[in-house]
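First up is the structure itself, then whatever we jot down about it.
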Amino acid sequence: MVKNYFQPQDLEEAVRLLKRYGKRARILAGGTDLMPALKRGEVDAEYVISINSVPGLDALEYDEGRGLKIGARVTYSQLLSSTTVREQYPILVEAAQQVGGVQVRNLATIAGNLCHAAPSADMAPPLLVLAARAEIIGPGGSRSLDLEEFFRGPNRSALKTREMLAGLVVPALDGAWGASYLKLGQRSAMEIALVGVAAAVKKVNGRCQEVRIALGAVAARPIRARKAEESLAGKELTAEVIAQAANLAARSARPISDVRCSARYRREMVMVLTRRALARAWERASS
């Protein structure tokens, strides 16, 4: 049961509150995950700390050297309205467009969704292939963590008690990169992913110099398909080569059967979506 609500005016005050109340407190940004969970009794929080008045956490800034900074309060709608994001990171736009409806996107934050750590989170695979890093802050100071290490399991993140996710940093990409995100759901909109696949390819002189493949909703957390990536190094991505990598990606998946579909179907769809995502990313990459 919530006993008190705080609205700190700066990051230092937010950290002090986290230090004082520890695991009895929850951070509130958009609230699209937290509020329903509180109402259902799935989350026990005596204290709610809103960061909506903390300056700087709504920053969405791009620098050619450092890349894209996504503050903890940046919403999906804010991301979608950014011309820079559309030009520099179209894969993030592809993913954000598939999150909820307009009302949800106006409130929901990218950071908040990642903290929920759902294996099916739409933004996780694209951010993994973009090599994003999580910027974490707490009473002990700040630290930076590869996003791949941030996810620990269903609804479990690397955040320690009294820590919060302050934002994300996505490295800048040159024109040699191409990327794509594909999602399978039972409906075409406002649906949790049955399978999500992201691929990013760096093409140099007609060959794959670097590739990253990430899978969502087919393991206990979003994962990279490392063996599939290794199979593509230095190769021209022909249909046959892509098909072989897609098969390896499917083998790396650890799906479950649930009320929405079977594990076997999910594994087969990993193969299909990986093949399509790689082909699209290869086409988008400059040679």
*Looking at Val99, Val104, which is the one that is closer than 24 Å to Asn155 by Cα, assigned to a loop (DSSP other than H, G, I, E, B) and aliphatic (A, V, I, L, M)?*
Val99
*Please state which one of Arg226, Arg207 is within 21 Å of Ala132 (Cβ to Cβ) and modelled with pLDDT of 95 or more.*
Arg226
*asked:* For a quick check of your reading of the model, give me the residue pairs whose first member lies in the stretch 23-45 and is small (Gly, Ala, Ser), whose second is open to solvent by 50 Å² or more (accessible area, probe 1.4 Å) and at pLDDT below 85, with beta-carbon atoms closer than 7 Å and at least 6 apart or on different chains.
replied: Ala45/Val2
_Criterion (open to solvent by 10 Å² or more (accessible area, probe 1.4 Å) and of a type in the set (A, V, I, L, M)) met by exactly one of Ile49, Ile110, Ile137, Ile70_ = Ile137
*Of the residues Asp33, Asp44, which single one is within 21 Å of the chain's Cα centre (by Cα) and acidic (Asp, Glu)?*
Asp33
_Regarding the stretch 204-218, can at least one residue be identified that is closer than 25 Å to Ala121 by Cβ, surrounded by fewer than 15 Cβ atoms within 10 Å (Cβ to Cβ) and of a type in the set (A, V, I, L, M, F, W, C)?_
no
*If you go through the stretch 52-69 one residue at a time, do you hit one that is within 21 Å of Ala121 (Cβ to Cβ) and touching a Leu at 6+ places or on another chain (Cβ under 6 Å)?*
no
*Taking Val129 as the residue in question, decide whether it is in contact with a Ser or Thr (Cβ under 8 Å, 6 or more places away or on another chain) and either crowded, with 16+ Cβ neighbours inside 10 Å or farther than 26 Å from Leu28 by Cβ (or both).*
no
_Subset tally (residues that are touching a residue at least 12 places away in the same chain (Cβ under 8 Å), outside any helix (DSSP H, G or I) and over 18 Å from Ala214 (Cα atoms)) for the stretch 234-287_ = 7
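The values are calculated or read from the model by the stated rules, or taken from the named source; none is laboratory data. Please read all numbers here as calculations on a predicted model, not as lab measurements. Cβ sites come from the backbone with ideal geometry, for glycine too, and all protein chains shown count toward neighbours. Please note that ligands, DNA and RNA were not included when accessible areas were found on the heavy atoms of the full protein model with its side chains. Shrake-Rupley method; radii C 1.70, N 1.55, O 1.52, S 1.80 Å.
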